[in-house]
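The structure appears below as structure tokens.
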Amino acid sequence: VLDALKETYGINVSDIDYQLLKSMPRVLRDANWKVTAAIWDDREVFSLEKGDTSEEAYGIAVDIGTSKIIISLSNLVNGQIVTTESAENPQIKHGEDVISRISYALKSEAHLKEMQQAVTTCLNNMISEACRKPGLNSKQIYELTVVGNTAMHHLFLGIQPKHLGLSPYVPGVSDPVNEKAKNLRLKVNPAANVHVFPVIAGFVGGDAVADII
């Protein structure tokens, strides 16, 4: 596969996703060696699909707001927005403001996990609904970008937000984060990349970065 990508398309990819690697011999033979490869950042082959599915690549933009979560499903080939969904942020039951949610999450690791799972479950329900309307397969969602204020950012990633509520309000991480969807329990292509925007400061998050861009 790597040789074919290099010889035919001039793409030098060095890695194949581990889960894909385990199923690749079967996938290739079932497809009679005619497959479409999905490649992330010219670094890793993370999906092989039977036949030509090069026009069926989708991504989701996610805005995790304190009160609402909004997603936009788009076609990555032509940039067209397919559909949008919105829902109330389920964390609201633990407080309408970020300080209340930080206070709840810092009480225990179980509370932090609960806050993270609430958002993940909500996102999965929204993704399912967004795919149902146009009849898409969620496995063909290959990329997600996520923005939110710094507290929402930390809670989504399961990062303890305690120090966002204490002077000098230092984020646990400010750089962009790239993680595979399966590690965040998102029901899209398991190896899809989830790009979480960087944050600027304790109360200036990735949503502000997205606005600037």
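Within the stretch 62-79, count every residue that is within 14 Å of the chain's Cα centre (by Cα) and farther than 15 Å from E129 by Cα. Explain how you work it out, then say what you get.
Restricting attention to the stretch 62-79, the residues satisfying the condition of being within 14 Å of the chain's Cα centre (by Cα) are 62-64, 69-74.
With farther than 15 Å from E129 by Cα added as a condition, the list becomes 63-64.
Counting residues in the stretch 62-79 that are within 14 Å of the chain's Cα centre (by Cα) and farther than 15 Å from E129 by Cα gives 2.
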statement: Pairs returned, first residue in the stretch 23-42 that is among the acidic types (D, E), second residue that is surrounded by 16 or more Cβ atoms within 10 Å (Cβ to Cβ), beta-carbon separation under 7 angstrom, 6 or more apart or interchain, are D42/V13
field: Matching entry among R132, R185 (being touching a helix residue (DSSP H, G or I) at 6+ places or on another chain (Cβ under 6 Å) and charged (D, E, K, R))
entry: R185
- request: Would you mind telling me which numbered condition in (1) surrounded by 17 or more Cβ atoms within 10 Å (Cβ to Cβ); (2) within 20 Å of I70 (Cβ to Cβ); (3) out of contact with any strand residue (DSSP E or B) (no Cβ under 9 Å at 6 or more places or on another chain) F197 fails?
  value: (3)
message: Given the criterion without any contact (Cβ under 8 Å) to a residue 40 or more places away in the chain and within 27 Å of I81 (Cβ to Cβ), identify the matching residue among N125, N189, N149, N193.
response: N125
Every pair of residues 6+ apart whose Cβ atoms lie under 6 Å, when the first sits in the stretch 66-83 and is over 29 Å from R101 (Cβ atoms) while the second is open to solvent by 50 Å² or more (accessible area, probe 1.4 Å) and not in a strand (DSSP E or B): V77/E55; V82/P134
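Specify the residue that is least open to solvent (accessible area, probe 1.4 Å); the eligible residues are those in the stretch 1-16 that are assigned to a loop (DSSP other than H, G, I, E, B) and within 14 Å of E44 (Cβ to Cβ). Give the steps one after another, and end with the answer.
At the first step, the residues of the stretch 1-16 found to be assigned to a loop (DSSP other than H, G, I, E, B) are 1, 10-14.
With within 14 Å of E44 (Cβ to Cβ) added as a condition, the list becomes 1, 11-14.
On the way: V1: 59, I11: 46, N12: 105, V13: 16, S14: 90 Å².
The selected residue is V13.
Only one of these is surrounded by 12 or more Cβ atoms within 10 Å (Cβ to Cβ) and out of contact with any helix residue (DSSP H, G or I) (no Cβ under 7 Å at 6 or more places or on another chain): E96, E109, E56. Name it. I'd like the intermediate steps shown before the answer.
Values: E109 fails: surrounded by 12 or more Cβ atoms within 10 Å (Cβ to Cβ); E56 fails: out of contact with any helix residue (DSSP H, G or I) (no Cβ under 7 Å at 6 or more places or on another chain).
Residue meeting the stated conditions: E96.
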message: Let me spell it out: the conditions are (1) part of a helix (DSSP H, G or I); (2) touching a residue at least 40 places away in the same chain (Cβ under 8 Å), and D211 meets all of them except one. Which number is the exception?
response: (2)
task: Would you mention how many residues in the stretch 53-77 are farther than 30 Å from A151 by Cβ and either modelled with pLDDT of 95 or more or among the aliphatic types (A, V, I, L, M) (or both)?
output: 3
message: Yes or no: the stretch 187-196 includes at least one residue that is touching a Leu at 6+ places or on another chain (Cβ under 6 Å), farther than 17 Å from A118 by Cβ, outside any loop (DSSP other than H, G, I, E, B) and not aliphatic (A, V, I, L, M).
response: no
task: For residues that are buried (at least 19 other Cβ atoms within 10 Å of the Cβ), over 30 Å from Q19 (Cα atoms) and β-branched (V, I, T), tally how many sit in the stretch 141-184.
output: 1
- line: Output for Cβ contacts, cut-off 6 Å, separation at least six or different chains, first residue free of Cβ contacts under 8 Å to residues at least 60 places away in the same chain in the stretch 10-21, second assigned to a helix (DSSP H, G or I), reads I11/L5; N12/K6; V13/L2; V13/L5
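The values are calculated or read from the model by the stated rules, or taken from the named source; none is laboratory data. This structure is a prediction, so every number in the text was calculated from the model and none was measured. Please note: Cβ atoms are built from the backbone with ideal geometry, for glycine as well, and neighbour counts cover all protein chains shown. Just so you know, the surface numbers come from the protein's heavy atoms only, side chains and all, with ligands and any DNA or RNA stripped out. Shrake-Rupley method; radii C 1.70, N 1.55, O 1.52, S 1.80 Å.
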